[in-house]
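Student: Mind looking over this structure? Questions follow.
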Amino acid sequence: MNNQSGQKITPFIAILIGYQLVLAVLVAVYGYTGSFLLLNGLHRDWLDAPMFLLTHLGDALILTSLFGLIFFRKNPGLVVLLILVVIITGLAGQLMKNFLFDSWDRPLSLIGRGGEVHTVYGYLLYQNSFPSGHSITASAAITAVVLTLRPGKPLMILLALFTAIVSYTRIYVGVHFAGDVLAGTVLGAAGAIFLTAWLSPRIGQWVAGLSTAGFKRLQFILLVMAVSGLTGGIMMLAEYLQRMF
């Protein structure tokens, strides 16, 4: 699956862990609610639109479809891996949200809508706060890509920063506490490391064993899935914006 095993992913992991440590320190010092109010308070009017768009890049349908469009032709095995990693880590997150931590409400529920919580474009959520599903998806998908492709140091740094920014947007738009995002990035990255080590060789062998016709068929199926998924994600986002405006 194009795994360049000689290239270490230390820069990516270092930045991601550094970001997680910052969140952990803020939660420890300011508390669960205080750390949220501190980070959520760092808003500017001109940032609302880009943050709103960036936060939806953590949506499993949109992010996986984007990667599918990028990699379906040259590395379909990676796309299959990403689909499995995002589904498995996402299901784990949803089980935690809806069963283990179903009583953990979001900032708007606990703090209220009295003006302390900065929200964006009427994007209001109240229940099932822990952990952050978008943070799980972003960290899981991008970690799997980095582990598989082993890109150069500059791209690793950009991907790590992108992961951190997408997860931070969940705090910025007022739908998750810092602790939710911290847990999501840890679960997503750890899940991706484990699943990539387990699944990548098996998927690579399966793809390598395909006939030419089978390989092209796989590419076509992944392309259709990516286009359909991205179209659906954009339509849902457009419908939401239309309702708001």
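Just so it is clear, none of the values below were taken in a lab; they were calculated from the coordinates. Note that the structure is a prediction, hence the values are computed from the model and not measured. When we count neighbours, we look across all protein chains shown, and the Cβ atoms used for this are built from the backbone with ideal geometry, even at glycine.
Student: For each of Tyr126, Tyr168, count neighbouring Cβ atoms within 10 Å of the residue's Cβ, then give the residues from fewest to most. List each step's numbers first, then the result.
Tutor: Details: Tyr126 13, Tyr168 22.
The most exposed by this proxy come first: Tyr126, Tyr168.
Student: Among (i) 0.95; (ii) 1.11; (iii) 0.99, find the value of Rg/Rh (Cα atoms, Kirkwood Rh) that was calculated from the structure presented, and write down its label.
Tutor: Correct label is (iii).
Student: Hey, another quick one. State to the nearest 20 debye the size of the charge dipole of region 10-244 about its Cα centre, where the only charges are +1 on K and R beta carbons and -1 on D and E beta carbons. Provide the component values of the computation, followed by the final result.
Tutor: Values: 13 positive and 8 negative charges, 167 e Å.
Magnitude of the dipole: close to 800 debye.
Student: A follow-up question, please. Relative to the present Cα-Cα distance, how much length would full extension add between Ile157 and Glu239 at 0.36 nm per residue of separation?
Tutor: On the way: separation 82, 0.36 × 82 = 29.52 nm, distance 3.38 nm.
Extra length from Ile157 to Glu239 when fully extended: 26.1 nm.
Student: Return the sequence-ordered ³J(HN,Hα) values of region 217-234 in whole Hz as given by the Karplus equation 6.51 cos²θ - 1.76 cosθ + 1.60 applied to θ = phi - 60°, using x for Gly and Pro.
Tutor: Using θ = phi - 60°, the values come out as 5, 4, 4, 5, 4, 5, 5, 4, 4, 5, 5, 5, x, 5, 4, x, x, 5 Hz.
Student: Also, quick follow-up: Ranked by Cβ crowding within 10 angstrom, fewest neighbours first, how are Arg170, Arg106, Arg150 ordered?
Tutor: Arg150, Arg106, Arg170
Student: Once the Cα atoms of helix 153-172 and of the chain are each reduced to a long axis, what angle between those two axes, in degrees from 0 to 90 to the nearest 10, is obtained?
Tutor: The helix 153-172 is inclined about 40 degrees to the chain.
Student: Which whole-number percentage describes the relative contact order of region 106-245, with Cα contacts under 8 Å and a sequence gap of 6 or more? Show your work: numbers first, answer last.
Tutor: Details: 124 pairs, mean separation 43.4, N = 140.
The value is 31 percent.
Student: If the chain between Ala92 and Ile17 were fully stretched, how many nm would it gain, using 0.36 nm times the residue separation less the Cα-Cα distance?
Tutor: Details: separation 75, 0.36 × 75 = 27.00 nm, distance 2.12 nm.
Separation in residues times 0.36 nm, less the Cα-Cα distance, equals 24.9 nm.
Student: Would you mind computing Rg(Cα) / (2.2 N^0.38 Å) for region 99-203, counting N as its residues? Let's see the in-between values first.
Tutor: Numbers: Rg = 15.8 Å, N = 105, 2.2 N^0.38 = 12.9 Å.
With N residues counted in region 99-203, Rg over 2.2 N^0.38 Å equals 1.22.
Student: What does the extension gain come out to for Arg113 and Trp46, with contour length at 0.36 nm per residue minus their alpha carbon separation?
Tutor: Gain on extension, Arg113 to Trp46, equals 22.0 nm.
Student: Helix 10-40 against the longest principal axis of the chain: what's the angle in degrees, Cα atoms only, rounded to the nearest 10?
Tutor: 20
Student: Would you mind pulling out the separation of the Cα centroids of region 38-105 and region 120-135, in Å?
Tutor: Cα centres, region 38-105 to region 120-135: 12 Å.
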